[in-house]
There are 2 protein chains.
Amino acid sequence: MSLFLEVVSVSEAVETVRRIAPLPGCEEVPLEDALHRVLARDVRADIDIPGFDRSTVDGYAVAAAETTGASEAIPAMLQCQGRVGMGTADAGVVSRGTCLYVPTGGALPGGADAVVMIEHTEQIGDDVLIHRPVAPGENVVFRGEDFGAGRVILERGRVLSPREIGVAAAVGADRVGVAKMPKIGIVSTGNELVPVVETPGPGEVRDANSYLAGAFVTERGCHPVYFGIVRDERAVLKRAIASALDRCDAVLVSGGSSKDDRDNTAAVIAELGKVLIHGIALAPGKPTIIGTARGKPVIGLPGHPASAFVVLVAVVDHLLAAMRQTAVSWRTIPARLTQNIPSARGREDYVRVSLSGGEATPVFGKSGLLNTLVQSEGLVRVPASSEGFEVGEEVEVILW
Amino acid sequence: MSLFLEVVSVSEAVETVRRIAPLPGCEEVPLEDALHRVLARDVRADIDIPGFDRSTVDGYAVAAAETTGASEAIPAMLQCQGRVGMGTADAGVVSRGTCLYVPTGGALPGGADAVVMIEHTEQIGDDVLIHRPVAPGENVVFRGEDFGAGRVILERGRVLSPREIGVAAAVGADRVGVAKMPKIGIVSTGNELVPVVETPGPGEVRDANSYLAGAFVTERGCHPVYFGIVRDERAVLKRAIASALDRCDAVLVSGGSSKDDRDNTAAVIAELGKVLIHGIALAPGKPTIIGTARGKPVIGLPGHPASAFVVLVAVVDHLLAAMRQTAVSWRTIPARLTQNIPSARGREDYVRVSLSGGEATPVFGKSGLLNTLVQSEGLVRVPASSEGFEVGEEVEVILW
């Protein structure tokens, strides 16, 4: 067994996880439970939206031609015949020399083709003085102008934000077809690990990775299924991973991924299936394992949470997005570097940075420190083709 | 009753909602359920993290002084006395002329003060050739270097991302004190409204706002409580708002907020409590109402979803953040305008924009159109002091 990992590029690792991502299928859910889910079927307008010509202001429905030339000095005068009720089928008719009051959202009466805002009018008894002319169509949304019946309003693959939920409601989609939430098994291995509720003894640390990975996959719209801490013994680890494969669509195993003869994760994945990648040109995160077993992805994450998190962002995010049949949605912002970031060509580096007033300051520090995770606002990715960035350069910061 | 609203500035509206925001108190939740919750109590390290001097690499634990001058040509030679097991209390001792193998995360043995990476060594039988010198402390994290016992690790007010969840786990916070999730009552009023499952008749539209507002408050970490569609009749609306006040920490009423004698929301709030603001210098969103009743905020949103959403972003977001005892977390990115955005001084405009390659294109269109909600990626805020932005100007886009 070689001491050195045969590393592949981050892009090859990403391609691999996308290729092996299983699709958990789709399901129908009530719209009110669909926030942040991924549409598996297009949403179409069932009817014209709006279903009738509609006022966008409070004002008087008129035939626009009757307001031609109206001004403060010489207003047009129309007789108000009453008001259009909200939600009524019969909006009435505006005949020559008359108008009807219509509230915002009310239906345009027959004979009217525009609405004069109430701010530009004055009502004296039944007479309404119009101080400004309106053009035909002014302050009106016509039937079907927003969405025509049958048109695709939201395409499959779209993540449902509150805005999409609101629009889906408007077109009658009280239930929507969405990608099923992938179930992600989470296993931590390492003889040094103790549960979070325990106080670690000498040589022991708490299992932070189960929580970190669980929260990460939850944030990405997946269900974490926790399999706890497993001793770093081949038979025990194999049972745990097999059990996670039974119940989940993919499995994340943290710890046991270093190139060390006592590290068992790769060996167990090879027994259950196939190791595709062991080692990525990524810092931190080099000893990552990517494999499959029973047609499901099994990813070995580094044991240290700070390294594991970079692998979650750089690689696992792509797996989860592919399983959800959508794209990763990193939010990035440009910032100017306050210090050089040196890097080795051929390796993709992810450097934690803190942000302040458009400037990004690298948070260097020993790779084994957790505090960098909460003292930074994002990651700067240094591509493998680059030897780093110089102070003053503008870089993209992946917000996390 | 005046036809015109007495408008206040957006900043006054924001100040007002912050002032009237009730604090729903705090509760303790299991860490695995705390994602995106707001810390109500500081999280401290219960013990030194790490609890022992720890290797950050796979390699050989040494006394650094014994590697002085080591090189490829003239390596230092040390006798390997065995290996440090993971999680064991007794890491052994490195005596003069010897070393111990230690895996990543393993405890540093007594007598050692550094670790040589395995890549820089060669083992021949029991002898280890060291090809590079190490400095004291190299590849080691010392006890308490990450977090000292008793130190505040995460301050109250912080929103728990996956990284914070992981770090909280490492310091033993299996339960955390978080702000209670505010319960937000959602009432839609308007005689034109029909439930989403129904097909609107002439003059009718579906109640999109309940879904839009419900998803919005959910995304901001609050519980929506739906009170359905209420006819625009004073007694009925009053009963609905009173019932929402009984069960919730704040109430959002959409519709019935225009300055129209048939619009009842302001009148009902005045009967139940007090109207503080009716009208904001905001477009769209001018006819917004801000009031209190029984010590709880009651906000009247415009009836049209596209306008209501701008009010949710510009005003209600601040109310929800204040109730959660945290700050609003708008994500903004800079972009260059492809067109002029004209605006009236004295009014804060929120213009929807689509984004592409660092450029923002205003999505103009009639205010009554829903499609702008899903055909834009964010909002450009034009402050009240500005008459707009010119093509080519760099603006901040609020991503939504």
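Read the figures in this text as sums done on the coordinates, not as results from a lab. Values in this document were obtained by computation on a predicted structure and should not be read as measured data. FYI the Cβ positions are ideal-geometry reconstructions off the backbone, even for glycines, and counts take in every protein chain you see.
Work out the P(r) tail for the stretch B:39-99: percent of alpha carbon pairs separated by more than 16 Å, whole number.
When every Cα pair of the stretch B:39-99 is considered, 61 percent fall beyond 16 Å.
Once the principal axes of the Cα atoms of the stretch A:139-225 are found, what is the range along each, listed largest first in whole angstroms?
Principal extents (largest minus smallest coordinate, Cα): 74, 26, 16 Å.
For the pair B:LEU399 and A:GLU233, how long in nm is the line joining their label points, each one 7 Å along Cα→Cβ?
According to this spin-label approximation, the distance is 4.7 nm.
Can you compute 3J(HN,Hα) from phi for each residue in the stretch B:54-61, using the Karplus curve 6.51 cos²θ - 1.76 cosθ + 1.60 with θ = phi - 60°, rounded to whole Hz and x for Gly and Pro?
Karplus values, whole Hz, x for Gly and Pro: 9, 6, 9, 9, 7, x, 10, 6.
What are the ³J(HN,Hα) couplings of the stretch B:40-51, residue after residue, when phi is run through the Karplus curve with 6.51, -1.76, 1.60 and θ = phi - 60°? Round to Hz, x for glycine and proline.
Those phi angles translate into 9, 10, 4, 9, 10, 6, 7, 9, 4, 10, x, x Hz.
Under a 5 Å amide H to amide H cut-off, with H placed in plane at 1.01 Å, what residues pair with A:CYS26 once short-range neighbours are removed?
For A:CYS26, the qualifying residues are A:LYS180.
State, in angstrom, two size descriptors of the protein assembly as shown derived from its alpha carbons: Rg to one decimal place and Dmax to the nearest whole number.
Calculated on Cα positions, Rg and Dmax stand at 31.4, 109 Å.
Using only atoms on other chains, find how many Cβ atoms lie within 10 Å of each Cβ of peptide A:47-55 and report the average.
4
Taking square-rooted eigenvalues a ≥ b ≥ c of the alpha carbon gyration tensor, is the stretch A:172-261 rounded, prolate or oblate, where a/c under 1.5 means rounded and, failing that, a/b exceeding b/c means prolate?
prolate
What is the projected area of the convex hull of the Cα atoms of the stretch B:83-206, averaged over all directions, in nm²?
For the Cα atoms of the stretch B:83-206, the hull's average projected area reads 16.3 nm².
Using only the alpha-carbon atoms, how far is helix B:208-219 inclined from the longest principal axis of chain B? Give it as 0 to 90 degrees, nearest 10.
30
Using only atoms on other chains, find how many Cβ atoms lie within 10 Å of each Cβ of peptide B:286-293 and report the average.
0
For A:ARG206, enumerate residues with amide H under 5 Å from its amide H, sequence gap 5+ or separate chain, H modeled in the peptide plane.
When sequence neighbours closer than 5 places are left aside, the close amide H contacts are A:VAL194.
Report ³J(HN,Hα) in whole Hz for each residue of the stretch A:68-84, in order, from the Karplus equation J = 6.51 cos²θ - 1.76 cosθ + 1.60 where θ = phi - 60°; Gly and Pro get x.
With the stated coefficients, the stretch A:68-84 comes to 3, x, 5, 8, 4, 6, 10, x, 7, 10, 10, 8, 7, 9, x, 9, 8 Hz.
Give me the net charge of A:GLY273's neighbourhood, meaning all other residues with Cβ under 13 Å from the Cβ of A:GLY273; Lys, Arg count +1, Asp, Glu -1.
That works out to +3.
Given H placed 1.01 Å from N in the peptide plane, which residues other than close sequence neighbours of A:ILE280 have an amide H under 5 Å from its amide H?
Amide H neighbours of A:ILE280: A:VAL8, A:THR288.
Along its three principal axes, how long is the stretch B:54-141 when you only count alpha carbons? Whole Å, largest extent first please.
That works out to 37, 25, 22 Å along the principal axes.
Around A:GLU66, with a cut-off of 15 angstrom between Cβ atoms, what is the net charge of the other residues, counting Lys and Arg +1 and Asp and Glu -1?
Residues near A:GLU66 contribute -1 overall.
Shape verdict for the stretch B:1-88, please, from the Cα gyration tensor: rounded (a/c under 1.5), prolate (a/b greater than b/c) or oblate.
Cα axes put the stretch B:1-88 in the prolate bin.
Packing-wise, with mean Cβ within 10 Å as the measure, how do B:298-306, B:139-147 rank, highest first?
B:298-306, B:139-147
With a cut-off of 8 Å between alpha carbons and a minimum separation of six or more residues, what is the relative contact order of chain A in percent?
RCO, chain A: 18 percent.
Measuring from centroid to centroid over Cα atoms, what is the spacing of the stretch B:180-197 and the stretch A:11-44 in Å?
If we compute the Cα centre of each part, the gap is 29 Å.
Once the mean 1/r over all distinct Cα pairs of the stretch B:334-374 is inverted, what Kirkwood radius in angstroms do you read off?
For the stretch B:334-374, inverting the mean 1/r across all distinct Cα pairs yields 11.4 Å.
Assuming R0 = 30 Å, can you tell me the calculated FRET efficiency for the pair A:ASP174 and A:ALA89, based on Cβ-Cβ distance, to the nearest 0.05?
Using R0 = 30 Å, I get an efficiency of 0.80.
For chain B, find the longest principal axis of its Cα atoms and tell me its angle to the long axis of helix B:234-247, 0 to 90°, nearest 10.
Taking Cα atoms only, the helix is inclined about 20 degrees.
According to the square roots a ≥ b ≥ c of the eigenvalues of the Cα gyration tensor, what is the shape class of the stretch A:331-399, taking rounded for a/c under 1.5, prolate for a/b larger than b/c otherwise, and oblate for the remainder?
oblate
Within 10 Å of each Cβ of B:192-204, how many other protein chain Cβ atoms are there on average?
What the average comes to for B:192-204 is 6.
Can you list, largest first and rounded to whole Å, the semi-axes you get for chain A by taking the square root of 5 times each eigenvalue of its Cα gyration tensor?
Three semi-axes, in Å: 62, 25, 17.
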